[in-house]
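Chemist: Pasting a structure here, questions to come.
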Amino acid sequence: MKKVKFFGIIMLLVFFLGGCNSANEQKMATNEHEARVDALLAKMTLKEKLGQLMQYTGAGEVTGPVEGTYSRLDKIKAGEAGSMLNVNGASYTRKLQQIAVEETRLGIPLIFGYDVIHGYKTIFPVPLGEAASWNLESIEKAARIAAEEAASAGQHWTFAPMVDIARDARWGRVMEGAGEDTYYGSLVAAARVRGFQGKDLSANNTIVACAKHFAAYGAAQAGRDYYTTEVSERTFREIYLPPFKAAVDAGVLTFMSAFNDLNGIPTSGNAFLTKQVLINEWNFQGFVVSDWGAVQQMINHRYVKDLKQATEVSFNAGVHMDMENNAYFTHLEELINDGKVSLSQVDEAVRRILLVKAKLGLFEDPYKYCDTTHEKNTLLKAEFLEFARQSARESFVLLKNQKNTLPLSENIKSVALIGPLANSKVDMMGTWSARGDAKDVITLKEELEKRADLKVNFVKGSNINDEKNNEFEQALAAAKKSDVVIFAVGEEAMMSGEALSRMDIRIPEVQRKLMEYVLKSGKPTVLVLFNGRPLSLVWENQNLDAILDVWLPGTMAGPAIADVLFGAYNPSGKLPMSFPYDVGQCPIFYNHKNSGRPATQERYTSKYIDGPNEALFPFAFGLSYTTFEYANLKLDKTTIGMNDSLHISVDVKNTGSRAGEEVVHLFVNDSFASITPAVKQLRGFEKIKLEAGETKNVLFSIHPKDLAFVGFDLNWITEPGEFEVEVKDLKAIFVVK
Ligand code: NOJ
């Protein structure tokens, strides 16, 4: 016993000293970086300083207006560029870096930024799909791999994660985030930051992350991209800000401002956001980059009269780097002379940017990310592809499985594979697919055709969204001679992402008609649904036997889908966003309020006259090939004080005949409060694996601070009172004193 105690003390000391050591090392590194940056700043001319604030695009993914030539060699040579985006590859980035380092007076290295959103070369499912896995470890690992590939190809910085809460399926960019829930979105935000930045930013396989778009960009009115947002500060702080705060707590080093105006003030010139909240309240130490052209767009917002005023407003609000606005270099000197901007502010912005470069280790070795051999050996490693397959299949959500149509039985000898997405490589990657190459993608058709024991009768059937080249008859004939029909339909890549909002969120009509026609065969039907957003699936739910939502699954689409169709993997995904019956319900989210007249059969209650209030497939919904039974929801206390914790336990049993994974969600609801509460709030989850017949006990703990909300005075508060815990359909009450 004594020995054990002694050993324990030694371990504690080792742990403590180890912890101190690494904290000391970090402190020393920070001091070193600061000293280096201060020394450099002392040598810089104003023009050189302003140059550091500028980011220009190369010829890659151009998503806004560009002035001048793409190569920007002139700007780099003149020391007028601190950063480039959209330039790729170890060899080309080395060439540009060489100019910055060897041909400018002070040799300050560039920082290269790029949209590495869901993979660099090995493409993972779109982020909304990844979020459906509810596997934070796997989400972090996908970001880790993306960083490793991107870093090997010269990148230092990704414009990810997008942590915007999104409650409106019309908004095209819902596909880039983690969905509608703030609690879950915050955990995913932190996981992605950890994945990209790793433990040591100066290593050659980690890159700087960027929390975007600051803020409330996802609340765009009517789901229309770039559009106005009006959100009360209370709701803003409770719903939209926490994922950004979680990113800061996880150590994110950059932020990106947004395109939208928020309550009348464009977010790229909004001192409340960047100065007050981010820098003063959260003590953020990194830097803020504007979104593309978002400084100059304040003119279109009619918030400023010209680019000079836009520069003044943006820079004074705390946006440190100018992405493709051509504003800061052009106007800051004049604004300093006019006394509108101070030199010390310029120094502060430059200092923040140089510190990030120092943390990346760029001053020690500006070429450490530009090694072509390392790049070649890193991209598309077999283990990365294997992980992309795993992460894709874990993202799939089984929405319907009537008569156990899935998994396909061994007796199935032939399939009719029908639909424009069965063999479309480029669409598997979704938008923001970085350097993902369509030729590396394996489609469902290619994968199924590898199976010697299966006859694949493939017919494309229709285009994505027009009536040209319809092949309805051929599709029906294929169905008639097959055991089962698999429809591979839905949204193509270019139907979700930036500037891709939709007002109709159904599967495009021509594809629906194709399915309807083929139903005449009377064969069992499986819908493999491709999508970057929640869709309205009323017809599909009524008419098809099984629906498997596979999002836009990435490079390993085909193998991952086949794994699930044939049962090598039992689907475990759960929706991170509600799928409405109809677009008319948008925005729709599970944690809505109750209203004064909650819906009943009575006439004067809060409901639609032509459809339900609820989602067709709600948040957290997803089936499995097995079944789970929940029992014995127990709380260790029925009353807790403000400093106590409540322990909750529940038994989950796999009652089916095959192993499966289940995501156990814990919801809490507040019976009443000084701010009307949501009907329920997610406050915990755990993903568990259960063998057939196995039971596991799942434990959660809740502290009163987990029950806090933003009060009328804008402070987080936990009010005493009665709460209800909800796990599946089990409920229990407790009281906070
Ligand atoms: C505009 C997008 O809003 C942003 O998310 C992206 O990072 C930049 N363009 C750079 O491509």
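Chemist: Looking at (1) farther than 22 Å from Gly532 by Cα; (2) at pLDDT 95 or above, can you tell me which one Ala434 breaks?
Modeler: Status for Ala434: all satisfied but (1).
Chemist: Name every residue in the stretch 263-284 that is more than 14 Å from Ser314 (Cα to Cα) and either part of a strand (DSSP E or B) or of a type in the set (D, E, K, R) (or both), in order of residue number.
Modeler: Passing the criteria: only Glu281.
Chemist: Here's something else I'd like to know. Can you tell me which residue is nearest to the chain's Cα centre (by Cα) among those in the stretch 585-631 that are of a type in the set (D, E, K, R) and closer than 29 Å to Lys403 by Cβ?
Modeler: The residue in question is Glu614.
Chemist: Which pairs do you get when a residue that is basic (Lys, Arg), found in the stretch 137-149, comes within reach of a residue that is assigned to a helix (DSSP H, G or I) and modelled with pLDDT of 95 or more, reach meaning Cβ atoms under 8 angstrom, with the pair 6+ apart or on two chains?
Modeler: Short answer, once both residue conditions are applied: Lys141/Gly195; Lys141/Phe387; Lys141/Ser391; Arg144/Gly195; Arg144/Phe196.
Chemist: Can you name the residue in the stretch 224-245 that is touching a strand residue (DSSP E or B) at 6+ places or on another chain (Cβ under 7 Å) and in contact (Cβ under 8 Å) with a residue 40 or more places away in the chain and is also nearest to the ligand (Cβ to nearest atom) among such residues?
Modeler: Phe244
Chemist: Moving to a separate point now. Going by what's in this entry, would Asp261 be described as more than 14 Å from Gly177 (Cα to Cα), charged (D, E, K, R) and within 16 Å of the ligand (Cβ to nearest atom)?
Modeler: yes
Conditions (1) at positive phi; (2) surrounded by 20 or more Cβ atoms within 10 Å (Cβ to Cβ); (3) of a type outside the set (Gly, Ala, Ser), marked per residue:
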residue: Phe566; (1), (2), (3): no, no, yes
residue: Ser578; (1), (2), (3): no, yes, no
residue: Asp582; (1), (2), (3): no, no, yes
residue: Tyr590; (1), (2), (3): no, yes, yes
residue: Thr605; (1), (2), (3): no, no, yes
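Chemist: Right, next: Would you check if Gly573 is in contact with a helix residue (DSSP H, G or I) (Cβ under 8 Å, 6 or more places away or on another chain) and either crowded, with 24+ Cβ neighbours inside 10 Å or within 30 Å of Ala220 (Cβ to Cβ) (or both)?
Modeler: So Gly573 fits the description; yes.
Chemist: I've got another one for you. Please go through the stretch 146-174 and pick out each residue that is among the aliphatic types (A, V, I, L, M), in a helix (DSSP H, G or I) and over 22 Å from Ala620 (Cα atoms).
Modeler: Correct list: Ala146, Ala147, Ala150, Ala151.
So that you can scan it fast, the table gives a plain yes or no per residue for (1) among the charged types (D, E, K, R); (2) in a helix (DSSP H, G or I); (3) within 16 Å of the ligand (Cβ to nearest atom); (4) within 30 Å of the chain's Cα centre (by Cα):
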{"site": "Val295", "(1), (2), (3), (4)": "no, no, yes, yes"}
{"site": "Phe329", "(1), (2), (3), (4)": "no, yes, no, no"}
{"site": "Ile336", "(1), (2), (3), (4)": "no, yes, no, no"}
{"site": "Val341", "(1), (2), (3), (4)": "no, no, no, no"}
{"site": "Ala349", "(1), (2), (3), (4)": "no, yes, no, yes"}
{"site": "Ile353", "(1), (2), (3), (4)": "no, yes, no, yes"}
{"site": "Gly361", "(1), (2), (3), (4)": "no, no, no, yes"}
{"site": "Lys376", "(1), (2), (3), (4)": "yes, yes, no, yes"}
{"site": "Glu386", "(1), (2), (3), (4)": "yes, yes, no, yes"}
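Chemist: Just need a number here: residues in the stretch 299-325 that are buried (at least 24 other Cβ atoms within 10 Å of the Cβ) and either modelled with pLDDT under 95 or of a type outside the set (Val, Ile, Thr) (or both).
Modeler: 10
Chemist: Of the residues in the stretch 472-496, how many are surrounded by 24 or more Cβ atoms within 10 Å (Cβ to Cβ) and assigned to a loop (DSSP other than H, G, I, E, B)?
Modeler: 2
Chemist: State the number of residues belonging to the stretch 127-162 that are within 14 Å of the ligand (Cβ to nearest atom) and more than 17 Å from Lys381 (Cα to Cα).
Modeler: 8
Chemist: I would also like to ask the following. If you scan the stretch 715-737, which residues turn out to be within 27 Å of the chain's Cα centre (by Cα) and more than 26 Å from Gly622 (Cα to Cα)?
Modeler: Listed by number, the list holds a single entry, Trp716.
Chemist: Give the stretch 354-408 a look and list any residue that's in contact with a Leu (Cβ under 9 Å, 6 or more places away or on another chain), among the charged types (D, E, K, R) and modelled with pLDDT of 95 or more, or say none.
Modeler: The answer is Lys357, Lys359, Lys400.
Chemist: Does the stretch 176-222 hold any residues that are outside any helix (DSSP H, G or I), more than 19 Å from Met577 (Cα to Cα) and among the hydrophobic types (A, V, I, L, M, F, W, C), and which are they?
Modeler: Leu201, Ala203, Ile207, Val208, Ala209, Cys210, Ala211, Phe214, Ala215
Chemist: For Trp157, indicate whether it is touching a residue at least 24 places away in the same chain (Cβ under 8 Å) and closer than 22 Å to Phe530 by Cβ.
Modeler: Taking the combined requirement at face value, the residue does not satisfy it.
Table: residues versus (1) surrounded by 24 or more Cβ atoms within 10 Å (Cβ to Cβ); (2) under 11 Å from the mean Cα position of the chain (by Cα); (3) on the phi > 0 side of the Ramachandran plot; (4) of a type in the set (Asp, Glu).
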site: Lys121; (1), (2), (3), (4): yes, no, no, no
site: Val126; (1), (2), (3), (4): yes, yes, no, no
site: Gly129; (1), (2), (3), (4): yes, yes, no, no
site: Asn135; (1), (2), (3), (4): no, no, no, no
site: Ala151; (1), (2), (3), (4): yes, no, no, no
site: Gln155; (1), (2), (3), (4): yes, no, no, no
site: Pro161; (1), (2), (3), (4): yes, yes, no, no
site: Asp164; (1), (2), (3), (4): yes, yes, no, yes
site: Ala178; (1), (2), (3), (4): yes, yes, no, no
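Chemist: Another question about this same structure. For a quick check of your reading of the model, give me the residue pairs whose first member lies in the stretch 647-658 and is modelled with pLDDT of 95 or more and surrounded by fewer than 21 Cβ atoms within 10 Å (Cβ to Cβ), whose second is of a type in the set (Lys, Arg) and part of a loop (DSSP other than H, G, I, E, B), with beta-carbon atoms closer than 6 Å and at least 6 apart or on different chains.
Modeler: none
Chemist: Scan the stretch 586-609 and report the pairs whose first residue is over 19 Å from Val668 (Cα atoms) and whose second residue is small (Gly, Ala, Ser) and outside any loop (DSSP other than H, G, I, E, B), with Cβ atoms within less than 7 Å and a gap of 6+ or a chain change.
Modeler: Cys586/Gly223
Chemist: Go through Val248, Val252, Val188 for me and flag whichever is within 16 Å of the ligand (Cβ to nearest atom), in contact (Cβ under 8 Å) with a residue 12 or more places away in the chain and β-branched (Val, Ile, Thr).
Modeler: Val252
Chemist: I'd like the residue in the stretch 163-177 that is more than 15 Å from the ligand (Cβ to nearest atom) and of a type in the set (A, V, I, L, M, F, W, C) and, out of all such residues, is nearest to Cys370 (Cα to Cα).
Modeler: Ile165
Chemist: Return the residue satisfying two criteria in turn: it lies in the stretch 692-737 and is among the small types (Gly, Ala, Ser) and closer than 24 Å to Glu662 by Cα, and of such residues it is surrounded by the most Cβ atoms within 10 Å (Cβ to Cβ).
Modeler: It comes out as Ala732.
Chemist: Could you list, ordered by first residue, the pairs with Cβ atoms under 7 Å in which the first is in the stretch 104-133 and closer than 12 Å to Ala178 by Cβ and the second is more than 13 Å from the ligand (Cβ to nearest atom) and basic (Lys, Arg), at least 6 apart or interchain?
Modeler: Within 7 Å, the pairs are Ala132/Lys574.
Chemist: Right, another one. If Glu324 meets every condition in (1) on the phi < 0 side of the Ramachandran plot; (2) within 16 Å of the ligand (Cβ to nearest atom); (3) among the charged types (D, E, K, R) apart from one, which number is that one?
Modeler: (1)
Chemist: I need the full set of residues from the stretch 300-334 which are under 23 Å from Phe159 (Cβ atoms), of a type in the set (D, E, K, R) and out of contact with any helix residue (DSSP H, G or I) (no Cβ under 7 Å at 6 or more places or on another chain), in order please.
Modeler: Once the filter is applied, which keeps residues that are under 23 Å from Phe159 (Cβ atoms), of a type in the set (D, E, K, R) and out of contact with any helix residue (DSSP H, G or I) (no Cβ under 7 Å at 6 or more places or on another chain), the stretch 300-334 yields only Glu324.
The values are calculated or read from the model by the stated rules, or taken from the named source; none is laboratory data. The structure displayed is predicted, hence computed values, not measured ones. Glycine gets a Cβ as well: all are built from the backbone with ideal geometry, and neighbour counts include every protein chain shown.
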